[in-house]
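Quick notes on the structure that follows.
The values are calculated or read from the model by the stated rules, or taken from the named source; none is laboratory data. Model, not experiment: these values are computed from the prediction. Virtual Cβ from ideal backbone geometry, glycine too; neighbours counted across all protein chains shown.
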Amino acid sequence: DPATVGFSNGSTSALPLKYYWTFSNGTTSNAYSPVVVLTPAGLYKATLMVVTQGLCADTSIASVSNVMVRSAPVASFACTPEITSIFEPGIEIRNRASTDVISQQYDYGDGTFSYYPDEMHYYQEYGTYVITQTVVTQYGCRGMYKKDIKILPEYRFWVPNTFTPDENTMNDIFKPVLMGV
C-alpha cells in the first residue's frame, strides 16, 4: 500500500475497439492496458468493458475481483546514543519494525551492513552518518526508515606535572600526551 498495478488486456478484434475500465476504488480508464494506483490496503475489483465499433457492434465484459493490496510494513528502530564521541563510538540498534516483517537490513552509512534486528555498531571515524533500515514482509512489501547519528571528534591533551628521569622506562621523558590528534 500503495500498490501500482498494471492490468493486461488480451482483447482482439478485426474491428476498432473502445476500452472502458472501472476499478472499485472509483477510478476509470480508456487505455488498452492501464496502470492504476490502489490504496488503501484491501481487496479490489477491476472490470473491463470492450465495445466494437462499426456495422457489427458488440460488447464484452471481463472482471477481476481478487486484486489484494497488502499493508506496507512499518520500518522503525531506536539507536542510542544518537550523538557520541569518537572515544565512545558504539551505537546500540534496537529493532522497532512492525511484526509482519520477516527480514531487515541496516546500512550504517559507513560502508557496512547488517541483517541482525538488534546489535551494537562501532564507527571508526567521526562524522554524521545516516542509518537506513529496509524491511520486507512475506509478500515482498518493503518499508524504509532513516535516522541520523553523529560521532563527534574529540581531542584530549594531558601534560604530566612531574617526571622521573631515572631510566626505568616509566616517566623518564617529560612530554604531553595527545589523544585524537
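Which of the residues that make up region 129-145 are hydroxyl-bearing (S, T, Y) and at pLDDT below 95?
Matches in region 129-145: T137, Y139.
Which one of S85, S76, S98 is exposed (fewer than 15 other Cβ atoms within 10 Å of the Cβ), touching a residue at least 12 places away in the same chain (Cβ under 8 Å) and small (G, A, S)?
Answer to the selection: S98.
Could you tell me which residue of region 23-56 is surrounded by the most Cβ atoms within 10 Å (Cβ to Cβ), considering only residues that are closer than 30 Å to P73 by Cβ and of a type in the set (S, T, Y)?
Y44
Pairs needed: first member in region 38-60, over 30 Å from Y139 (Cβ atoms); second member anywhere, assigned to a strand (DSSP E or B) and of a type in the set (K, R); C-beta distance under 9 Å; at least 6 residues apart or different chains.
Filtered contacts from region 38-60: M49/K18; V50/K18; V51/K18; T52/K18; Q53/K18.
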